[in-house]
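The values are calculated or read from the model by the stated rules, or taken from the named source; none is laboratory data. Computed from a predicted structure; not experimentally measured. Every residue, glycine among them, receives a Cβ derived from its backbone with ideal geometry; neighbour counts consider all protein chains shown. SASA here: full protein model, heavy atoms, side chains in, ligands and nucleic acids out. Shrake-Rupley method; radii C 1.70, N 1.55, O 1.52, S 1.80 Å.
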Number of protein chains: 2
Amino acid sequence: MVKITKIFFLLLFTLVFTSCNDSENTKSTDHTDSGHPRLILTKQGVKDIRAQLGTIPVFDNSLKKVKEEVDAEIEAGIDTPIPKDYSGGYTHSRHKKNWFVLQKAGLLYQILDDEKYAIYIKDMLKQYEKMYKTLPLHPKTRSYARGKLFWQALNDANWLVYVSQAYDCIYDYLTEAERNQLETNLFRPFADHISVDSPQFYQRVHNHSTWGNAAVGMIGLVMDDEVLIQRALYGIKGKEMDKTAKDDDGGFINKDGKAGFLANIEEPFSPDGYYNEGPYYQRYAMYPFLIFATGLQNAKPDLKIFEYKEGVLLKSINALLNLSDADGDFFPLNDGQKGMSYYTEALVTAVDISYKYGDKDPGLLSIAKKQNRVLLDDSGLAIALDIKKGKAKPFVKKSINLSDGPEGKQGGVAILRNEAIELVFKYASQGSSHGHYDKLSYSLYENGEEVIQDYGLARFVNIEQKGGGNYLKENKTWAKQTIAHNTVTQNETSHYKGKYEIGSQNHPDLSYFSIDNTDVQVVSSKVANTYDGTDMHRTMAIIKDQDFEKPFVLDIINITSETTNRYDLPIYYFGQVLSTNFEYSTPKELKTLGKKHGYQHLFVEGFGRPQKENSKFSWFHNNKFYTLTTETLSEDQLLFTRIGAHDPNFNLRRDPSFIVRRDNTTNTTFVSAIESHGSYSPVTESAVNSKSTIHEIKTILNNDVYTVISITTVKGNNKIFITANTDTSNETIHTLKISNKNYEWSGPYYYK
Amino acid sequence: MVKITKIFFLLLFTLVFTSCNDSENTKSTDHTDSGHPRLILTKQGVKDIRAQLGTIPVFDNSLKKVKEEVDAEIEAGIDTPIPKDYSGGYTHSRHKKNWFVLQKAGLLYQILDDEKYAIYIKDMLKQYEKMYKTLPLHPKTRSYARGKLFWQALNDANWLVYVSQAYDCIYDYLTEAERNQLETNLFRPFADHISVDSPQFYQRVHNHSTWGNAAVGMIGLVMDDEVLIQRALYGIKGKEMDKTAKDDDGGFINKDGKAGFLANIEEPFSPDGYYNEGPYYQRYAMYPFLIFATGLQNAKPDLKIFEYKEGVLLKSINALLNLSDADGDFFPLNDGQKGMSYYTEALVTAVDISYKYGDKDPGLLSIAKKQNRVLLDDSGLAIALDIKKGKAKPFVKKSINLSDGPEGKQGGVAILRNEAIELVFKYASQGSSHGHYDKLSYSLYENGEEVIQDYGLARFVNIEQKGGGNYLKENKTWAKQTIAHNTVTQNETSHYKGKYEIGSQNHPDLSYFSIDNTDVQVVSSKVANTYDGTDMHRTMAIIKDQDFEKPFVLDIINITSETTNRYDLPIYYFGQVLSTNFEYSTPKELKTLGKKHGYQHLFVEGFGRPQKENSKFSWFHNNKFYTLTTETLSEDQLLFTRIGAHDPNFNLRRDPSFIVRRDNTTNTTFVSAIESHGSYSPVTESAVNSKSTIHEIKTILNNDVYTVISITTVKGNNKIFITANTDTSNETIHTLKISNKNYEWSGPYYYK
């Protein structure tokens, strides 16, 4: 079905554009709305907005803030300095500011019908035109694709995406002569520089290229230039790329020859709308996708861009919103900086456009209310009007499984949610150059607080003092490595040996995802080839049981291997050790856990051996109690570690972890339960439910077909969890006899 | 003036009570209100409350909650088990719960006029009476003063303080025969057990004794028993204590023979209302002080207990509220657990009583609103009525200096506040057995967040898994030691050698405290004898200067010594190292900084040497930037440390510090500035004002008379700060010539 739809669209696009594909500057004729503005703001939109102004609070407030900002800029005067700086330097910041102000001034001109904004834009564009026609490459040489206004073509593309919108808004205000001058000396050569002159930037599937495609396409739509629109949608015609070349991040520049906006939609998004680099980079990439799509939708509605690939662009917004915790912070999968949330500007765009061009989900209105601002265009008006009408409903995040890969067949990310608990299970593909080596890893949240963390990236974005705000070397040596994540590392070596070439050719597969019973939600995934000859199968569940105060996590990892190995399974908790049921020693001097693959960054703070068949570790954080109960063997090692070794610039957080280490083992199983329980009040100084509810967990059967776990609570109640390891169909009826008791159930798991 | 007032009161008390001092059980006759209830709730109060019920939201809500709680208890039935457990065990918890429920049931009986509450109290008291008359000492032996219902007499006293109130409420409901039975078999022997039978608990100046005094006094007031009232106010008549005996905490039990409620007001409170152990213990001690005082005020208004020692009890409430940060959390001076705040029950009592019996500060109403509950008595009614009338105003905390010591002559605590910045400067006396060895230390807050922390205590109060919830041994080995604080340690040895005997005989003295100019607020204090032959003088200022975004801290420490020493000055910051202007190395393995006096708990994470005359250290925490700029010598050592060594049970937090170490030095000066600046948004990913405003600080003159500091900002502006080291009078006119420039000013400091 996916394939058929795609082919249909490709045909449709080809039909629409082929007729005018060969002649330069031919005007196309399928505009429903033939005047300007036509991209993001439309003529009808302007009419509607003007009619409602003053009666739509969230829109009016957004307008007021934008007006204040632009008026201050107009007051301060125009500056288009000769480019010379890297990011952070004056000329960079000034040109960046200019693009935002131009775009906003365009909106103000249309909405307020005040000529001063048109004059401001015209004057600034003329200065750019004058400078650009003789402007050489930017003098800084660090980029793989240099721009002219900026040190990297990416920023030139950013500029054009925004400035196209400003040009659209004053298009009709300018004379034809003025337009010709701007288009000939500025816009067309500008679009050429970031495309035909920079194919290593433009002609690939990458978030950089998406900006490039959108920039070329946006200005093409304003100028009604089919050559540029074609180039935007399909890439540079006839341009062949070196398929073995790599970029600075180690990713292939273009190993399969794909390029253009549609290919950029195809590749990174799964049919469920999951973006392969993860939510942090999706958020960054969303703007050009959505803004150019909106431009296409308005200027070329027959293309139905929002239905392309079964509506993946709008689905991706829903996916992205679901990839955030209770506070709206995105889960920091792969290279993600913590704290980025749906309050970011790009998500205002995403939410507004999703509402206007999607199915009017009233949950989006509640997010827009929290964002407390809207786009000053047709979509912002739609949101503001419906908020005013009281249509907002809570955006309820439910458990969700998001497949990864262009066809949805390269693993995925599953989020299990029950009450305040959120389990993020990552069984996704490599995630392009920003991916981490953390197959079958997870993180755990409660009420938007991290309980078991994903470290995220090792970078302080835009904080100059920390490596210029760029990726720190510890991102590679620590953050990407397997041991930095809550999954199994074998023989102190990262998955796929930490090599992108291997990682990007492999991925886990879903065994099953079951959320029909809210009380027992399960996800299960297998991966081969993380290590030669070793297969891993992890099943994680959130279980709400009446003996327990809150839903608890059950975690089962089955490892089969042809070799004898050391396995390390960490949990990156927060806070302070409260109690254990095993003795441990703490060294007088702290040494590192290992030498490579991230191990060199861990200090060992404590060392113990199991004393019972279950090892228990309780900790205390933010006035809450947590307990890990894990099946252990007497020869296992139990390690308390802390991040921070070999960190000469204090780039890493001093966060703790608890590691179960199992040596000299071929096949093995790790079975654990994690409970969040009770609370402490420093005001009343009373501790409530500070102890685990679990008396014992025990694997009572484990073979190729089933894994059976017994859970006994301190009240003496016993529950059995069975997961099917091979036949995970929902329809299959299973029967199993254990200790003379017969179990019969249908579907991939049993819990009672 | 202080002394005269005190003598007047002592005379007054003596006159009032002497007449009836010798005869047992004589009824006194000075009641204005001769019936019951007469202590906390009064007959008139009951009448007023009943008239207003249903119209005073905060009171009505508080009543509703209490009623629900008590009704559930009545439903569950009465249980008065034979005592056998320590804290946390069932019999302990049950008797503790009983005291609270009895007291609340008494209120409900009076307010709701529903006999079921009186019956409940009567029935339970009869059970207690039956048990108590033959009850032996509590079987657990750990306490220095065992109770009968509880393992320690302290808890028996708690019980009686509450239960007296219940008895007061049903006094008139009971027959004389019933009263006689209860008084003869329960209350009088109960009061005797915690007083005459437990002098080591009762006959001293200590927060335990205050509970004992209040308990005996409260039941004395209900029963109108002058012997008990006298014993409460003045201690056990004729009882001489061993003046050299010590308690478990190392404090003297009674080295000067003082005892009784009035002595317990005299000793720990300074005339400003500062409680010598600090706010955390003041909060704990407040309840018996205020509840017995209120009982005295109502039952014996002529005594004017709230005017005793110039109204110190009400002043102490104001002091306590000012010893909290912007969120209402008390500063964790000495043994203080972080997070304790004015939301605690004891502070509801304090605020309500302070409002009713004090000068009706409308600021208290705003705190009561935040607390969102009131006492169900006359004071709660007064608060609720005035909240309802809209009289609440913000409680504005200003800069304040609180003297320490019974006469206000043993140092103190100064809090400098400007905008969101709060500097807590501790130059107090030892602080009794809960004191820390941290003369002239400080902590710094911004908007209620800790910037430079005081570690607080090493204890997890009532969290059983951590040493039974009691003080951990790390409280002595770490938290009390000087190096755990933001002050100077000499030769890796704590102040006063870490010995209570020496510490309690010494204290710093105030040089000056100046807050007249809000923009330049200064506190200065000297201390001798922390080390033999070494004197320290610290001057700290919060300065608001137009070149700076926020007020910054200036810190000047002058040390004079007869010997050659090592000096260590730490700052306990939070978060991550951002940048330094000196190079440092980080060790591959972490070793401890030293062997004793807390040094054994610090790991060294980094080591550097100054490369300029100012060493700069910037850090990043909670999306804010901070910079320390400190004058250093090229031979100084700059150390990055982290708490956590020799911590076999993970009892300590892994918090960092930065230490300036100066070796082989006699006299020296540490001059530093601390700036909070800028912010970072992980949503917009923009860093604002991430760099220090200070180009250079420099000591340009330092002698016995003046210390002169030059501060040059990055804008090139220069400011001079001069502090007078000897003549700190406000009236003195100073003239000083430096580098051919004449400075003339009046008062202890100059800044321009």
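Could you say whether any residue in region B:306-320 is touching a residue at least 12 places away in the same chain (Cβ under 8 Å), in contact with a His (Cβ under 7 Å, 6 or more places away or on another chain) and either open to solvent by less than 10 Å² (accessible area, probe 1.4 Å) or outside any loop (DSSP other than H, G, I, E, B) (or both)?
No, every residue in region B:306-320 fails to be touching a residue at least 12 places away in the same chain (Cβ under 8 Å), in contact with a His (Cβ under 7 Å, 6 or more places away or on another chain) and either open to solvent by less than 10 Å² (accessible area, probe 1.4 Å) or outside any loop (DSSP other than H, G, I, E, B) (or both).
What single numbered condition from (1) open to solvent by 10 Å² or more (accessible area, probe 1.4 Å); (2) of a type outside the set (A, V, I, L, M); (3) touching a residue at least 24 places away in the same chain (Cβ under 8 Å) fails to hold for residue A:654?
Only one criterion in (1) open to solvent by 10 Å² or more (accessible area, probe 1.4 Å); (2) of a type outside the set (A, V, I, L, M); (3) touching a residue at least 24 places away in the same chain (Cβ under 8 Å) is unmet by residue A:654, namely (3).
Are any of the residues in region A:49-67 open to solvent by 20 Å² or more (accessible area, probe 1.4 Å), more than 20 Å from residue A:348 (Cβ to Cβ) and assigned to a helix (DSSP H, G or I)?
Yes, the conditions are met somewhere in region A:49-67.
Does residue A:712 satisfy the criteria of being open to solvent by less than 40 Å² (accessible area, probe 1.4 Å), touching a residue at least 40 places away in the same chain (Cβ under 8 Å) and either not in a strand (DSSP E or B) or not assigned by TED's automatic domain parsing to the domain that holds residue A:337 (or both)?
no
Within region A:656-677, how many residues are touching a Lys or Arg at 6+ places or on another chain (Cβ under 7 Å) and farther than 14 Å from residue A:557 by Cα?
Counting residues in region A:656-677 that are touching a Lys or Arg at 6+ places or on another chain (Cβ under 7 Å) and farther than 14 Å from residue A:557 by Cα gives 4.
The rows are residues; the columns are (1) farther than 22 Å from residue A:361 by Cα; (2) within 14 Å of chain B (Cβ to nearest Cβ); (3) assigned to a strand (DSSP E or B).
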| site | (1), (2), (3) |
| --- | --- |
| A:391 | no, no, no |
| A:397 | no, no, no |
| A:407 | yes, no, no |
| A:422 | yes, no, yes |
| A:425 | yes, no, yes |
| A:438 | yes, no, no |
| A:456 | yes, yes, no |
| A:461 | yes, yes, no |
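Of the conditions (1) more than 14 Å from chain B (Cβ to nearest Cβ); (2) buried (at least 22 other Cβ atoms within 10 Å of the Cβ); (3) not in a strand (DSSP E or B), residue A:635 satisfies every one except a single condition; which number is it?
Here residue A:635 meets the rest and fails (2).
Name the one entry in A:216, A:196, A:163 that is closer than 29 Å to residue A:80 by Cα, at pLDDT 95 or above and in a loop (DSSP other than H, G, I, E, B).
The match here is A:196.
Going by the conditions given, is residue B:352 outside any helix (DSSP H, G or I) and in contact (Cβ under 8 Å) with a residue 12 or more places away in the chain?
It is false that residue B:352 is outside any helix (DSSP H, G or I) and in contact (Cβ under 8 Å) with a residue 12 or more places away in the chain.
Here are some residues: B:582, B:574, B:552. Which one is surrounded by fewer than 20 Cβ atoms within 10 Å (Cβ to Cβ) and within 27 Å of the chain's Cα centre (by Cα)?
Going through B:582, B:574, B:552 in turn, the sole match is B:574.
Is at least one residue of region B:324-333 surrounded by 21 or more Cβ atoms within 10 Å (Cβ to Cβ) and in a helix (DSSP H, G or I)?
Within region B:324-333 (the criterion being surrounded by 21 or more Cβ atoms within 10 Å (Cβ to Cβ) and in a helix (DSSP H, G or I)), the answer is no, since none of the residues qualifies.
Tell me which residues, restricted to region B:623-632, are touching a residue at least 40 places away in the same chain (Cβ under 8 Å) and within 30 Å of residue B:497 (Cβ to Cβ).
If the condition is that a residue be touching a residue at least 40 places away in the same chain (Cβ under 8 Å) and within 30 Å of residue B:497 (Cβ to Cβ), then B:628, B:630, B:631 are the ones that fit.
Tell me, which strands (runs of 3 or more DSSP E) lie completely within region A:568-622 with 3 or more residues that are touching a residue at least 40 places away in the same chain (Cβ under 8 Å) and away from every other protein chain (no Cβ under 11 Å)?
Filter on region A:568-622 gives A:614-621.
In region B:406-429, which residues are in contact with a strand residue (DSSP E or B) (Cβ under 7 Å, 6 or more places away or on another chain) and of a type in the set (Gly, Ala, Ser)?
Result: B:411, B:412, B:414, B:420, B:428, B:429.
With respect to residue A:629, determine if the residue is over 35 Å from the mean Cα position of the chain (by Cα) and either away from every other protein chain (no Cβ under 12 Å) or at negative phi (or both).
Considered against the rule, which asks whether it is over 35 Å from the mean Cα position of the chain (by Cα) and either away from every other protein chain (no Cβ under 12 Å) or at negative phi (or both), residue A:629 comes out as no.
Considering only region B:652-670, state which residues are away from chain A (no Cβ under 14 Å) and either in a loop (DSSP other than H, G, I, E, B) or touching a strand residue (DSSP E or B) at 6+ places or on another chain (Cβ under 7 Å) (or both).
B:659, B:660, B:661, B:662, B:663, B:665, B:666, B:667, B:668, B:669, B:670
Would you check which residues across region B:455-484 are of a type in the set (D, E, K, R) and open to solvent by less than 10 Å² (accessible area, probe 1.4 Å) and list them?
B:466, B:474
In region A:485-501, is there at least one residue being open to solvent by less than 10 Å² (accessible area, probe 1.4 Å), more than 14 Å from every other protein chain (Cβ to nearest Cβ), in a helix (DSSP H, G or I) and more than 19 Å from residue A:643 (Cα to Cα)?
yes
List the number of the failed condition for residue B:177; all other conditions in (1) within 18 Å of residue B:202 (Cα to Cα); (2) out of contact with any helix residue (DSSP H, G or I) (no Cβ under 6 Å at 6 or more places or on another chain) hold.
For residue B:177, the failing item is (1).
Quick one: count up the residues across region B:366-397 that are over 22 Å from the mean Cα position of the chain (by Cα), closer than 27 Å to residue B:416 by Cβ and of a type in the set (A, V, I, L, M).
1
Might you check whether a residue that is touching an Asp or Glu at 6+ places or on another chain (Cβ under 6 Å) and of a type in the set (Val, Ile, Thr) occurs anywhere in region B:419-432?
Yes, there is a match, as at least one residue in region B:419-432 is touching an Asp or Glu at 6+ places or on another chain (Cβ under 6 Å) and of a type in the set (Val, Ile, Thr).
Between A:443, A:432, which is open to solvent by 20 Å² or more (accessible area, probe 1.4 Å), under 17 Å from the mean Cα position of the chain (by Cα) and either modelled with pLDDT of 95 or more or not assigned by TED's automatic domain parsing to the domain that holds residue A:252 (or both)?
Residue meeting the stated conditions: A:432.
I'd like to know if region A:236-258 contains one or more residues that are assigned to a helix (DSSP H, G or I) and surrounded by fewer than 24 Cβ atoms within 10 Å (Cβ to Cβ).
No: region A:236-258 contains no residue that is assigned to a helix (DSSP H, G or I) and surrounded by fewer than 24 Cβ atoms within 10 Å (Cβ to Cβ).
Quick one: count up the residues across region A:565-602 that are closer than 28 Å to residue A:425 by Cβ and of a type in the set (Val, Ile, Thr).
Of the residues in that region, 3 qualify.
May I ask you to list pairs of residues, at least six apart or on different chains, whose Cβ atoms are under 6 Å apart, with the first in region B:673-685 being facing chain A (nearest Cβ under 7 Å) and the second being in a strand (DSSP E or B)?
B:680/B:687; B:683/A:341
Would you check if residue B:243 is out of contact with any helix residue (DSSP H, G or I) (no Cβ under 7 Å at 6 or more places or on another chain), more than 18 Å from residue B:349 (Cβ to Cβ) and of a type in the set (Lys, Arg)?
For residue B:243, the condition - out of contact with any helix residue (DSSP H, G or I) (no Cβ under 7 Å at 6 or more places or on another chain), more than 18 Å from residue B:349 (Cβ to Cβ) and of a type in the set (Lys, Arg) - is met.
Give region A:333-363 a look and list any residue that's more than 10 Å from every other protein chain (Cβ to nearest Cβ) and under 23 Å from residue A:449 (Cα atoms), or say none.
Hits for region A:333-363 are A:333, A:334, A:335, A:336, A:363.
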